[in-house]
Amino acid sequence: MLEIIFLVPFLSGLAVFFLPKTAGRVWMVLTGIIHLLLTARLWINPQAAMFGDYFRVCPEGLLSLSVISLLFLLISIYTTEYLNHSHIRHENIFTGSLLLFLSTMTLVTLSDHIMVMWIAIEATTLTSAPLIFIHGTPRALEATWKYLLICSVGIAMALLGSVLMTLAMDVGHVDIPVSFSALTGVAAQLDPVWLKAAFVFIFVGYGTKMGLAPMHTWLPDAHSEAPSPASAMLSGVLLNCAYLGIFKTNKIMVAAGLGSFSGMILMGFGLMSMLAAATFIIRQTEYKRMLAYSSIENMGIIAFGTGVGGIGAYGAILCLIHHSLIKSSLFLTSGNINAGYNTWLIDRVGNLAGRMPKTCTAFFSGFAALAGFPPFGMFIGELLIIVGVFRAGHYPMAAVFILSLCIIFAGFSNQIIKMSFGDAPENLPNEISEKAITVCPQYALLLTSLVLCVWMPDIFYQTIMDAAKAMGGGF
Amino acid sequence: MDMIYSMDILLSFVLLSVLFSFSTSRLVVMIRIVVLQGVVVSVAPFFLEDSMTAGTLVFTLSILTIRGIVIPWSIYAVVQKMGIKRALEINVGYHASLFFCLLLIVGAQMLSLKFNMMDFRGSTLMVSTAITLIMGGLFLLMARRNAIVMVLAYMMMENGISLLGAPLSAGAHTIVEFGILLDVLAGVMIMGIMLQSIQQKYVNLDTAQLRKLKE
């Protein structure tokens, strides 16, 4: 039964609300292990869903689910130590919400029905809102309010898009279940005008949740105000879930022969996001907000690659996987830096290499991986997108893409080098010991990213190819 | 035919209510307007050509209870608890809002005419009313700064989507309605908690105070 994968964290999440704190932490890690085992079982022995009209394993869903599962386990291990010094008063609400969040994101990856997907994405907003608000400060309140309001309006637009999809079926006299797989099969029969309208609304809706500019305004606030483990989840996997909604709708568009229409929209918004991120990264004063803007940039890269299609689509999926692994490691590391320096300001952090060498190793390697240094996956992904866009003949767009990457690289590296090797400011708090548990999860994430670049199992490679092929992608 | 005619009369009241909501600052009036819209949207399937089964009847009645009683009552309770009568925090003035609303209603009619939607499931006003509710809700979200009015504006937008969605997805009716319900119920509930927190941290519900995180 496929549904068990999201039922386990759901029931666990509910149970944690009533457990003592320490038991709750252990329970969370245990659930992470069970979830990872259940996900691994899907690779070896694909399961059928009890409600086949609503749930199904698709290549892109399986990839996202695997990333979510691995990330959650590592983040939950980190969280057990993080909670010792984080001053979170309602710990059970935090751990319980993390598990419910895992459950809803799992639901997104397994949904095949267009409305179930929408409900699942909406549910991710509701389960993650307490994670952002957990400190209860005025800044957290503002971030949560913005997050709820902007994402709810965005998701309402996606609902309108889903409704218009049924109108496209109605006008085209198509009578099938409203599932992505069924709709992709009969895409050519759908009414093209209403299908385009549906795509635009779904794109704007899920694009808001994905953090694409100009609908991104909630993202830097929410990602910077949430506790670091929650930020890692939000940035590492929630954005991927929203992307899945767009990816699957784009598959229908490509199957209906409207790929160029959706591709141009994806490329346009992708570039806009990269430019917006470049503008804000350069003059950023807080390192966690800088990471949040970097997420907007990376979502822009992924949307752009998806729009390019062909080899670019393959590159986009590579970027999606590696971004999750690397960015979540960076957010976790930012939690360590805050613990050591008691500030989020870049100017108040210096000589990280001397004061916190293990943290600095994770931070700097994460930066190198994210900035697109070889041999990390982001380098390969971005290179494939650039090759793809040149092959497609969109030269001006290729120029803007490369320019944005350069600006962001310059801004990002300037700040990171200042933090890692610059002079330490005066009156710093006492040095704290770097426990293995607070750096090993980040090392594991970066190592996974590195290993996937030099050795990718055949089945994994094939699954990425299957996902990309649906959009005319691949080599 | 008579039933459909009655539906159009009800929808014209909804259009008038949108006009009214753009020009009032009284919170209780706003809540009543959203109740009226919610009730009309919930009973819309009764008036359409689709045949009603016992299941959909029960479902419609439960939606009616939630939209017409549960949610408005909980927002009303928040308003009473906070002792606020008027929401005076605005970005766009009432006269300008009213003028925009008139343009919106005319524009929505023209749009539904352009897309041949003047006879949607037998109703003339359904699509244009839905567009007016969606766009009107979006406008109020931008034009008002009071957190309660923003939540009500969000509900108005949801009502519009629901009005368009319910008859369209006859086959997947339950799941669409379930989705919208979940959205409204849980979303508004969490927003309600946020409202109380804003009230506790600041003196009133003016969202302009939430400006710490600006770049």
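Take the alpha carbon gyration tensor of segment B:5-149, find the square roots of its eigenvalues, order them as a ≥ b ≥ c, and report rounded if a/c is under 1.5; if not, report prolate when a/b exceeds b/c, else oblate.
Oblate is the answer for segment B:5-149, as a/c is 1.5 or above yet b/c matches or exceeds a/b.
Inverting the mean 1/r over all pairs of different Cα atoms, compute the Kirkwood radius of segment A:258-475 and quote it in Å.
The answer is 17.9 Å.
Considering protein heavy atoms only and a 1.4 Å probe radius, which residues within segment A:168-182 exhibit an accessible-area decrease of no less than 20 Å² in the full assembly relative to the chain by itself?
Listed in order, they are A:170.
Ignoring everything except DSSP H segments at least 4 long, calculate the 222 nm mean residue ellipticity for chain A; use -39,500 (n - 2.57) per segment, divide by total residues, nearest 500.
Theoretical 222 nm ellipticity from helices: -25500 deg cm²/dmol.
Can you compute 3J(HN,Hα) from phi for each residue in segment A:109-125, using the Karplus curve 6.51 cos²θ - 1.76 cosθ + 1.60 with θ = phi - 60°, rounded to whole Hz and x for Gly and Pro?
5, 9, 6, 10, 7, 5, 7, 5, 4, 5, 4, 5, 5, 4, 5, 5, 5
Using amide H atoms built 1.01 Å from N in the peptide plane, name the residues 5+ places from residue B:90, or on other chains, whose amide H lies under 5 Å from its own.
Under 5 Å from the amide H of residue B:90 lie the amide H atoms of B:145, each far enough along the sequence or on another chain.
Could you please state, rounded to a whole Å, how far the C-alpha centre of segment B:87-131 is from the C-alpha centre of segment A:406-459?
A separation of 52 Å, based on Cα centres.
Mind pulling the angle between the C-alpha long axis of helix A:192-210 and the longest principal axis of chain A? Nearest 10 degrees, somewhere in 0 to 90.
So the helix axis and the longest Cα principal axis differ by about 10 degrees.
Taking amide H positions as placed in the peptide plane 1.01 Å from N, state which residues far from residue A:3 in sequence (5 or more) or on other chains have amide H under 5 Å from it.
Amide H neighbours of residue A:3, under 5 Å, 5+ apart: A:50.
Once phi is turned into ³J(HN,Hα) by the Karplus curve 6.51 cos²θ - 1.76 cosθ + 1.60 with θ = phi - 60°, what whole-Hz value does each residue of segment B:111-128 show in order, with x for glycine and proline?
5, 5, 5, 5, 8, 6, 10, 7, 10, 8, 6, x, 9, 7, 9, 4, 5, 5
Taking amide H positions as placed in the peptide plane 1.01 Å from N, state which residues far from residue A:286 in sequence (5 or more) or on other chains have amide H under 5 Å from it.
HN-HN under 5 Å from residue A:286: A:346.
Distance cut-off 18 Å, Cα to Cα: go down the list A:146/B:201; A:251/A:469; A:21/A:435 and report the pairs above it.
Check vs 18 Å cut-off fails for A:21/A:435.
How much accessible area per residue does the protein assembly as shown have, counting only protein heavy atoms and a probe of 1.4 Å, in square angstrom?
That works out to 36 Å² per residue.
Roughly how many percent of the accessible protein surface of the protein assembly as shown is carbon and sulfur, given a 1.4 Å probe and a whole-percent answer?
Solvent-exposed carbon and sulfur of the protein assembly as shown make up 68 percent of the total.
Using unit Cβ charges (K, R positive; D, E negative) and no other charged atoms, how large, in debye to the nearest 20, is the dipole of the protein assembly as shown about its Cα centre?
That gives a dipole near 1360 debye.
Below 8 Å, C-alpha to C-alpha, sequence gap of six or more: please give me the relative contact order for segment A:258-475 in percent.
30
Relative contact order for segment A:248-361: what is it in percent, counting Cα pairs under 8 Å that are at least 6 residues apart?
23
So for A:175, A:170, what's the accessible-area order with a 1.4 Å probe, most first?
A:175, A:170
Rounded to the nearest 10 Å², what accessible area does residue A:297 show when all protein chains are kept and the probe is 1.4 Å?
Surface open to solvent at residue A:297 totals about 10 Å².
Total accessible area buried between chains A and B, 1.4 Å probe, in Å² to the nearest 100?
For chain A against chain B, roughly 3500 Å² becomes buried.
Residues of segment B:141-163 with accessible area at least 50 Å² lower in the all-protein-chain context than alone (1.4 Å probe)?
Buried by 50 Å² or more upon assembly, which counts only protein chains, are B:161.
Give a residue-ordered list of calculated ³J(HN,Hα) values for segment A:268-275 (Karplus: 6.51 cos²θ - 1.76 cosθ + 1.60, θ = phi - 60°; whole Hz; x for Gly, Pro).
Along segment A:268-275, the couplings run x, 5, x, 5, 4, 5, 5, 5 Hz.
The values are calculated or read from the model by the stated rules, or taken from the named source; none is laboratory data. From a predicted model like this one, the values you see are computed outputs, not experimental measurements. Every residue, glycine among them, receives a Cβ derived from its backbone with ideal geometry; neighbour counts consider all protein chains shown. Areas reflect the complete protein model, heavy atoms only, side chains present, ligands, DNA and RNA absent. Shrake-Rupley method; radii C 1.70, N 1.55, O 1.52, S 1.80 Å.
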